[in-house]
Structures are given as structure tokens and as C-alpha cells.
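The values are calculated or read from the model by the stated rules, or taken from the named source; none is laboratory data. The structure displayed is predicted, hence computed values, not measured ones. Ideal geometry is used to build each Cβ from the backbone, glycine not excepted, and the neighbour counts take in all protein chains shown.
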Amino acid sequence: MNKLALLLGGIALSSLMSVNAQTISSPDGQLTVNLYMSAEGTPMFNVEYANSTVISKSPLGLQTSVGDFTKGLKQDNVSANFEVSQSYDLPNAKKAHIEFKANEQTVSYSKDGKPAFDVTFHVDNNNVAFRYQMKPQRDRLACIVNSEATTFTMPTGTTTFLCPQMTPQTGFARTAPSYETFYEYDANMGTNGHGRGFTFPALFKVNAKNLARVPGKVRKAPKVTEKTLWVMLCETGVDGKYCASRLSCTDNKYSVAYPEETEFGGVGSASPAIMLPGYTPWRTITVGETLAPIAETTIMWDLVKPMYKASQTYKYGRATWSWIIRMDASCNYKEQQEYIDFASKMGYEYVLIDALWDTNIGYEKMEQLVRYAKTKNVGVYLWYNSTGYWNDAPQGPRGKMHRMLERRQEMAWLKKAGVKGLKIDFIGSDKQQTMQMYEDILIDANDYGLEIIYHGCTLPRGWERMYPNFISCEAVRASENFSFGQHDNDIEALAATIHPVLRNAVGNMDFGGSALNKFYAKDNQHGRKRITSDVYALATAVLFQTPVQNFALAPNNLEDAPAWAIDFMKAVPTTWKDVKFIDGYPGKYILLARQATDGKWYVAGVNATSEPLKINVSLPMFEAGQSVQLYLNNDVKTVKVSKKQNIAVAIPSNGGVVIK
């Protein structure tokens, strides 16, 4: 065959593929989704960014109780491109005012001549999101979605930053899974976590091949360049009408997987049931040439709406918390009064009183303690066991939150007593029934003016906007583990380098850190030893975001911690106007900037490497020559921003830096 025939054949094949393919692009044209149909009638998609493939060709589809909609399908209609734009305020998340523009298109698929489902794609300049709408089937107006074919096929050479899924009904008192395993850094593809896949969100470093293209010209050997692209997978819009999901891995294929049957004590279905027509949650893909689009993304909230109106204006702020240093024994009237006084001296808005208050303090004395806190301008959060039939956690109060009757009776007392919010622990499942419980608690709590923090729990998936009294979820291996074992202390800085660009990038994170004790013990003389610096503690108060921060400070810090550290912690905000990624690499270091609601910028970073990190910190938010406070090497001083709008620093190993 001669060259002309080859060229004509290539053109013919290209034309045929263009007929069968559909492309949906971002407003700037850099991010595209390409749709295909396989020979077996399976819908397929891939994602490209700046001419580089970030998701290779991957299947779509649903396997349901009313039919198999993963093959034998036909693409019917593709809607016109619909431009969407929106602006909204979100005072309880990482960015107070959000604006976005995107393109949306809906693609319809049928089977045997009858409508099967639609897939709506939402594409902005750094995010792709899509969800299914399952259609009624004959006279069937409800179905069970047994599984999804949805898969994200990663290009060869991709490395991963993932959190393995926990085995159900393991861990403390059978409370797993709760998103509390260690992340894996720059790991190869092909493993399936600990055999159960990985939790959302998931981060990938793609070594992309960029094919240089010149319009109108045919090249015999296109120039190939390589570059690194970052990809984060997640989901949003999960409420009581569906289950939450995870990722299951085979080779380089990461597929959406539903909860396991043994979660939640084996009660409830692993597969969600939906009315027809009915929607799945949104699957999201965030892409960037740096980690900035991932750290700064708002896709989790762009695609959801408030589920109800706030019953009042909810108040955010800082809290003291005795349990993290003094553990269960501290939950008595005298020590909680001491922590209330400590919160007052720090100017903090809240105190969190943890487990066992119902027996160690009692309801009547708790009312008295709440009244005392009010005289100090301190609000009270109370801990509750989620309880029920799914675990054996013995801490009380138990049996108060999992059923509507008991829950609303308890919340009526909480409102009467003047309690401001609840921390609800030990839920540990992603089943639809669990999502319904999360949602029901939030709805009831709003009726009684109560804010909610979830602990030992799932990942929030758009909840900051969906539920106005929602504060945060733990869903991370958090500060409690510093008290339980030395290893978590030894790798504290390592973990801090990934949270701002992964877990905390998609939702508020109740970590409970920033300890200034040298040891996790009441006397600050023994126990698990903190190896990070005091400036590191200040840095994580900025790096880790949630509107109500339960800091791991202790009353003795007023005497034994540096005055400059206490002064910083007295003033550090918990609500932010904006966020900017500066530099970093998960497992090595991170530098991030947050703008407080008063307009002031805080730049924070930590170093997890074994050597001092010498770096010029880019500070475009500050003017050249501007005087700023530099917290470094366990000291604070005033310095000036250089003409190039940066400051050269050497961040110690296991240390931090703050510039404000």
C-alpha cells in the first residue's frame, strides 16, 4: 500500500471516529471529555487536558434490578452545549465567595429501543463532573442500582496518593470503616489497598505524553513531550437518596465501588435504591499542571444546592478540648470548668466536652456547666456516641442519636440547656441507610439550632453547602492517634503535606491538632512525644481548615509555651475568604496561603523531609517591601518582602513556617 492510500485510509478512519465520538470542552478549550461507543454497545469516555490524556478510554454504565445497562446500548441524543455560571457565598468552607463558569451537555442512551439513562457532563477549566439519570423502565418506577461500570483508567506510568479502605467491623469496638488509614505516597498502580480498594478523594500524578499538533498539517513523526499532570477523583452531592462510594483497583483501572455488605453491622443494603427517574451522585475529576487547581477547587459545592434554610445564623470559631491531652479521665466537672476558663483566656468561642460526660458530670450538672460557660462568653459542644446496632463502642451518651424520637427529645433538652453543637462519633459506614442517618441528624439539629461535627465517619460530599448547620467531618487519621501511638507523631509532618491538597481540598476536616505540649499527657512530662516544632503547630492551624477548630492546646500552655505562639493561637482565624496553593509535593513539603475574612493573608508551610528545606516562598499577595511577621525556627521577627515578592527561608525538618 502506497503512502497516498495510507493517508486516505487514515483520513477515512478519522472521519468515522469523529462521527461516532462526541466532545465536550471547558470554556477555555483546554479540558475535554470525549465520548465513544464500544463494539459491544458500552458507553466509553476519556479526558484530555492540554492535548494530553489524563483518563484513558473508560466505560460508563449501570447494572440495576430492572436491567443491565452496561452493554447493548445505543447513543441517541446529545443536547446542545449549555453554558452555566453561578456565584454564591459559602462562609463555612475554604472560600467565602465562589464564582464559576462551565459547559454542560446531556447524552442520552437507550437499550432495545427504550430510554435507559442520561449522563450529564459538567466541564469547567479544571474540573469534569458527570452523573447518571436512570429512566423508568416500562411500569417500573423504582430500582436497585447493584453496581456501576464507571471506571477511571489511568495512563501507564501514573503514580498514586491513596488512602486504603478499612475492613468493615474491625478497629475499636467494630467501628470501621472510618477513613483513618495511612496514605500511600507515590505508589505504583495495581494494588487494591488492603484488598478493599481506596477511599475518596484519590490523587494521581500522571506522566503525560503531549503530542504537538499543528492544525492543517500532517506530520510523519509528531513531536512528543512529557509533562506531569495532577488528577484528583472524588464524588459530591451524596445525601440520603444514595450511598457513598469508594474506588476498587484492577491494574490501572479504578472503578466506582459501593459499600460492603458487612458495613453498619450488616444492616441495610450495600446497593442504593432509587425512584425513577432518579439521579446518582456526581463523579468528579479535577486536573491541573500543578496542585493549585486541586487545592483550590470548589467543584464539591458548585454542583449542589442547600437542602434547607438555616434556622439561625450559625457561629464559627476556636475551641479548647481536654480529651486530646488528658483523655477520658478529664471528663469531670472540675477539669471542664478549667478548660472553659482556658477558652475564655484565649478568647475562644467554644469548649468541646467529650465522651462520658453523661455519667461523669450528669445532665443536671451539665446545665450548670453550660450556664457557667455562658458567663465566660464560651459556647459548649457535647460529644455523643452515634450508637445503635452497628458497633460495640461503650462510651456515653449512647442511644440518643440514631432514632428520631430519642434524638429530638435529646435535642430539645440541648436547646433548653444552651448547648451550641454536637460532635457525633462512631458511625463507620457508607451505606444508603447511613447517609439517611447523617442527613436526618443534620435536619433535626437545624430545627433546634445545633451545629454538627461528625467523627469516626465518612467524607463530606458537598455537605458544607447542602446542610447549613454542618461544620465538618473527621474522615482522616487525625490527632487522636498522637495519643495512641508514637508512630503517628514520628510521621506527623509527612501526613500534613497531603491533607491540604487531598482530604481537606474536598471538604472541612476535623483534625483537632496544633498541640503546643511536648508530650501528650496532663503533666507534659511523659507519654507520646511530639517531634514537630512549635511553628509547625501554628502552621497547621492555617493549613488545616474547618470553621470550628478543636485545637489540641492545654491550660498549661499559658505558662510553658512561648508567648509568641500563644499570641498567634489567640488570633488565628477559622473562617477564610480565599485560598492559594504556593508550592509543595505530597510527602515532602507544602506551602499554602489563606486569606482571612478581614482581608489579611496567612502563608503557612511544613517540611517533612529529613533536611532543612531552602526555598524562596512566592508571596504575590504581599507588596514588595511590605513588612510581615515571619515565624521560623521557633521564633518570630519582622521582615520585608523582597522586590521579587518572595522571602527566602530554610524550613527545618519536622518544622514549619508562617508569614502574616
- Query: Got at least one residue in the stretch 438-447 being surrounded by 19 or more Cβ atoms within 10 Å (Cβ to Cβ), at pLDDT below 95 and either closer than 18 Å to TRP357 by Cβ or out of contact with any helix residue (DSSP H, G or I) (no Cβ under 7 Å at 6 or more places or on another chain) (or both)?
  - Reply: no
- Item | Residue check for ARG131: out of contact with any Cys (no Cβ under 9 Å at 6 or more places or on another chain), surrounded by fewer than 19 Cβ atoms within 10 Å (Cβ to Cβ) and basic (Lys, Arg) | no
- Message: Out of the strands (runs of 3 or more DSSP E) lying entirely within the stretch 560-660, which hold 3 or more residues that are touching a Leu at 6+ places or on another chain (Cβ under 9 Å) and closer than 27 Å to ILE98 by Cβ?
- Response: 576-585, 589-596, 601-607
- Take the residues of the stretch 452-477 that are aliphatic (A, V, I, L, M) and part of a loop (DSSP other than H, G, I, E, B): which is surrounded by the most Cβ atoms within 10 Å (Cβ to Cβ)? LEU459
- Message: Checking the condition more than 30 Å from GLY266 (Cβ to Cβ) and under 28 Å from the mean Cα position of the chain (by Cα), which residue from TYR363, TYR372, TYR381, TYR389 passes?
- Response: TYR381
- Task: Given the conditions (1) in contact with a strand residue (DSSP E or B) (Cβ under 8 Å, 6 or more places away or on another chain); (2) assigned to a loop (DSSP other than H, G, I, E, B); (3) β-branched (Val, Ile, Thr), report the number of the one that THR167 does not fulfil.
- Result: (1)
- Residues located in the stretch 447-475, provided they are farther than 27 Å from SER87 by Cβ and out of contact with any strand residue (DSSP E or B) (no Cβ under 6 Å at 6 or more places or on another chain): ASP447, TYR448, GLY449, THR458, GLU474, ALA475
- Residue satisfying condition, being hydrophobic (A, V, I, L, M, F, W, C), more than 29 Å from ILE452 (Cα to Cα) and surrounded by fewer than 24 Cβ atoms within 10 Å (Cβ to Cβ), within set ALA561, ALA596: ALA561
- Message: Just the residues that are touching a residue at least 40 places away in the same chain (Cβ under 8 Å) and among the β-branched types (Val, Ile, Thr), please, taken from the stretch 432-466.
- Response: THR434, ILE441, ILE443, ILE453, THR458
- May I ask you to list pairs of residues, at least six apart or on different chains, whose Cβ atoms are under 6 Å apart, with the first in the stretch 274-302 being among the aliphatic types (A, V, I, L, M) and the second being assigned to a loop (DSSP other than H, G, I, E, B)? LEU276/PRO136; LEU276/LEU141; VAL287/ASN126; ILE294/ALA505; ALA295/ALA505; MET300/GLY462; MET300/VAL506
- Within the set of pairs 6 or more residues apart or between chains, which connect a residue that is closer than 16 Å to GLN595 by Cβ inside the stretch 89-103 to a residue that is surrounded by fewer than 20 Cβ atoms within 10 Å (Cβ to Cβ) and basic (Lys, Arg) with Cβ atoms less than 7 Å apart? ALA96/LYS577
- If we ask which residues in the stretch 64-87 are within 20 Å of THR120 (Cβ to Cβ) and outside any loop (DSSP other than H, G, I, E, B), their number turns out to be 13
- For the stretch 312-365, name all the residues that are β-branched (Val, Ile, Thr) and under 28 Å from LEU90 (Cα atoms). THR313, THR320, VAL351, ILE353
- Among the residues of the stretch 483-534, which ones are in contact (Cβ under 8 Å) with a residue 60 or more places away in the chain, crowded, with 21+ Cβ neighbours inside 10 Å and hydrophobic (A, V, I, L, M, F, W, C)? ALA493, ALA495, ALA496, ILE498, VAL501, LEU502, ALA505, VAL506, ALA515
- Of these, THR32, THR23, THR42, which one is modelled with pLDDT of 50 or more, of a type in the set (S, T, N, Q), within 26 Å of THR158 (Cα to Cα) and surrounded by fewer than 16 Cβ atoms within 10 Å (Cβ to Cβ)? THR23
- Within the stretch 93-140, the residues that are over 22 Å from SER65 (Cα atoms) and outside any strand (DSSP E or B) are ALA93, LYS94, LYS95, ALA96, ASP124, ASN125, ASN126
- Item | Within the stretch 362-382, tally of residues that are within 20 Å of ILE424 (Cα to Cα), surrounded by fewer than 19 Cβ atoms within 10 Å (Cβ to Cβ) and in contact with a helix residue (DSSP H, G or I) (Cβ under 8 Å, 6 or more places away or on another chain) | 2
